[in-house]
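Reading through the structure tokens given below for one structure.
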Amino acid sequence: MEKIPSSGPQWRVLQNKQTRFAKDPYGRHRQQARLESGRTRRSQICNPYMQEPLEKYRGRKGSRSYIHIQPQRSTELQPYNQLELTTQSGNDSDFKTLLLKMVVQPLNAVAGFLCSIKSLQPSLDTELNDSRIQAELQSLYSQKRMEVESAVKDASNLVLSAELWSSNEAMFYLTVSCHLITENWRQKSYVLDTAHLLNEHTPEYVQKQLLRISNEWSITENIQVVVTNVDGMKKVPHGYQWAYLPCFANTLNKMFKETIDYSDWKHLLRKCQRIVAFFHQNNKASESLRNYCFHINLKLTELTQITDLKWLPTLHMLKSILELWPAIFNVFATSRVDDLCLNENERKTLNDIVAVLNLLKKVTENIGNQEYSPISNIIPLVQNLQKELRNLVMMGNRIAQILSQKCDYHIGSIKKNNWFRVSTALDPQYKTCLLNDSGVEDVKTEIRSKMRENTHTVQSRYDFKSEEMILQKYWQINISENPLKFWSTNVEFKQLAPVARKYLTVVSTAIPMECVHQFEKSQIINRRSNLEPKNLSMILFLNAN
């Protein structure tokens, strides 16, 4: 009997060594039973969220061989499957706990959570319907909102991040988060709201939504900075002293896109997309590629497709093509596919692009891998990026030359921005990169001014001598330590600590860093859009908080 592939729970019928395949609504290929009418019920179609089959039952029915693979819950994939789905009959608290657990899983695991809850109805002695689920979700949201309101209402020096995202050309959303540093020096981030913008995503309308959300949460007067991936926000009048800073991750994508648009390199990337599509759409070619990789002892990596011109997905696509090129070339030669072959100059250009994109990857990895990071390390990272781009230019890399020009245009003057400069100066790990700068006296003057503002609110008399001693001692220390840990433990700098909290609260990106490193994020976005806007906002709120 033919070996069963581990692609999930399924009914498989083997007759004349042929099996009929069908594509289920979740995008997976499932082998379905070719049974006479009436032998298969809908309840026998296994849950697509279940993973690796572990139990098998063999039987004979007529002239056909059947293998029924019992579904087992996976503990490796899909965190959603790790939930204990059994509850005590009629126990509402268990139902609420279960619902909350399902909601707070990553969105790619709970796109269909409403249907999954309904499937539990036989084990629950309660009626599950849309209105009941909606009421429980609203109750959970209200409880958590009270907790978040308590955390942000009395905090000062708040920072907002505003992420504009879309699932298609007509569906735009704005997710707004709030960031603060607590009294015990813990960085906290809370999602406040996700606004449905339809196709009206102009800076003016985004500003209107920011004001609405900040007023609803009663934090408008406490906001100092807004970090966003929406261009043109600085030009929109709003009546408040909010400073707008661009999302650094979005700026890197913008630099790369403008670099590729500069010449015919975009045409080369489209050719690479066609190469990937050729193997995705041709099963015979994919099988040949696997065989060639096996024969020439080449590691088979996945050919990844890109849907938009962003640097990280492009890097994965180009690296996979270059790594597999010996096998890809053999497939093209055998199939006589001449229009997709890459000549030597084209492959050199791709290697140059990969070298540049590896620098961008290095920069983002140094920013951080989880949650949000302060802007205090952006200046040294930009300086190092510009240095390494110049090194590639000296080696004849034309892509590096254009990207270096775009880097100078978009972020070359970052050292002139007070938010970046003061934040860097108050981070003990990176302050040395400013001490030898010609404009360091302006930074010191700004810090002195903020120290006096904070002290005057406590006492009328100000000790200028003590201020200078504290600053001199801070500039002289040489320590590499997490800034939040440093300011929480060094009580000798308590007069300077409130200024550090103000500037270190500012984050560098409008999205968490794990999303910056996730090149398949678009798949999650598409699943977000399947929910009603009100439910979407509540689920994202609970998911993050």
- Query: Which ³J(HN,Hα) values, rounded to whole Hz and listed in residue order, are derived for the range 539-544 from phi using the Karplus coefficients 6.51, -1.76 and 1.60 in 6.51 cos²θ - 1.76 cosθ + 1.60 with θ = phi - 60°, glycine and proline given as x?
  - Reply: 5, 5, 4, 5, 4, 8
- Item | In sequence order, calculated HN-Hα J values of the range 288-302 (Karplus, 6.51, -1.76, 1.60; Hz; x Gly/Pro) | 4, 4, 4, 5, 5, 4, 5, 6, 9, 6, 10, 5, 7, 10, 6
- Can you give the net charge of the other residues whose Cβ lies under 15 Å from the Cβ of T220, counting K and R as +1 and D and E as -1? -2
- Note on the structure: Which residues qualify? For S373, with a placed amide H closer than 5 Å and at least 5 residues away or on another chain, they are S508, T509
- Across the range 469-486, in residue order, what do the Karplus-derived ³J(HN,Hα) couplings come to in whole Hz, using 6.51 cos²θ - 1.76 cosθ + 1.60 with θ = phi - 60° and x for Gly and Pro? 5, 5, 5, 4, 5, 5, 5, 7, 5, 10, 9, 10, 9, 3, x, 5, 5, 4
- Built amide H within the under 5 Å cut-off of L245, gap 5+: V226, V227, T228
- Message: Can you order the peptides 319-326, 157-164, 484-491, 197-204 by their average number of other Cβ atoms within 10 Å per residue, highest first?
- Response: 157-164, 319-326, 484-491, 197-204
- When N counts the residues of the range 348-425, how does its alpha-carbon radius of gyration compare numerically with 2.2 N^0.38 Å, as a ratio? 1.17
- Item | the range 247-367 - Rg (one decimal) and Dmax (whole number), Cα, Å | 15.1, 47
- Message: Counting only other residues whose beta carbon sits under 14 Å from that of D442, what net charge do I get with K and R as +1, D and E as -1?
- Response: +3
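Every number in this text was worked out from the coordinates using simple rules, so none of it is lab data. Only a predicted model underlies this, so the values are computations on that prediction, with no experimental measurement involved. Reconstructed Cβ throughout: ideal geometry from the backbone, glycine too, with neighbour counts over all protein chains shown.
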